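Structure, as structure tokens:
The values are calculated or read from the model by the stated rules, or taken from the named source; none is laboratory data. These numbers come from a predicted model, not from an experiment. Positions of Cβ are backbone-derived with ideal geometry, glycine not excepted, and every protein chain shown enters the neighbour counts.
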Amino acid sequence: MTGRIELRRPLSQERGGKYRYRQGAAQPSSPGDRGAEERIAQALSGHRQLLNQFRSRIRTLTAKRNEALVRALEDELAISAVANVIGETVPTVRRIALAFEEKPASGLSRDEHIDSLRKIRTELEAAAAAKEALEGEVGILIARAYQAGFTDETHLAGMAGISTESVHNRLRQHLGRPR
């Protein structure tokens, strides 16, 4: 005996010392993956800004549509005609009109009002479609971020600019996991 005590390594270190994750959970990233995580975080941040811009544009166009709707009604355009042009129901148009104070008549013709409302409706539909497409991209980025190790749904929601429930639904949709 040399008087030296030999310590045995714990079993976990002999196997590599790694925590075994449950099936489906994200694996921890290696230092080489940090660049990918940063790119995903930057992409989510950029998409969050774009999403906020689209939301703002939609709010602006909706307000513009509502004001044009009220002006058209003040110039005695029929509620049913306005509802048909903007794609809303008559009760919805009536509710929007009642929410505004009376505005002075603009003096525009019926055709000018209809053209204005159609143009605003087209812009609003285009903005909504672009926002929807961007939300689809955000869903894909969220799934990639989850797979890269961002497993906190609240953190993902903050980075993406959407609700935690939306993150949960997008993860379920893109990863196919009932959670």
Return the pairs, sorted by first residue and then second, in which the second residue is assigned to a helix (DSSP H, G or I) and β-branched (Val, Ile, Thr), the first residue lies in the range 82-110 and is farther than 16 Å from LEU124 by Cβ, the beta carbons are less than 7 Å apart, and the residues are 6+ apart or on different chains. VAL90/ILE79; ARG94/ILE79; ALA97/VAL70; PHE100/VAL70; LYS103/VAL70
If you take the residues of the range 118-149 that are under 15 Å from LEU51 (Cα atoms) and of a type outside the set (A, V, I, L, M, F, W, C), which of them is surrounded by the most Cβ atoms within 10 Å (Cβ to Cβ)? GLY139
Cβ-Cβ below 7 Å, separation at least six or inter-chain, first residue in the range 33-57 and closer than 17 Å to GLN147 by Cβ, second polar (S, T, N, Q): which pairs? GLU37/SER29
Kindly list the number of the only condition in (1) free of Cβ contacts under 8 Å to residues at least 12 places away in the same chain; (2) touching an Asp or Glu at 6+ places or on another chain (Cβ under 8 Å) that fails for SER163. (2)
Among the residues of the range 150-162, are any within 16 Å of the chain's Cα centre (by Cα) and farther than 16 Å from ARG48 by Cβ? no
Of residues in the range 95-117 being of a type in the set (Asp, Glu) and closer than 29 Å to ARG55 by Cβ, the one modelled with the highest pLDDT: ASP115
Is there a residue being under 22 Å from ARG59 (Cβ atoms), touching a helix residue (DSSP H, G or I) at 6+ places or on another chain (Cβ under 8 Å) and in a helix (DSSP H, G or I) anywhere in the range 136-143? yes
Whichever residue in the range 56-73 is surrounded by 14 or more Cβ atoms within 10 Å (Cβ to Cβ) and of a type in the set (Lys, Arg) and, among such residues, is farthest from GLY136 (Cα to Cα): ARG71
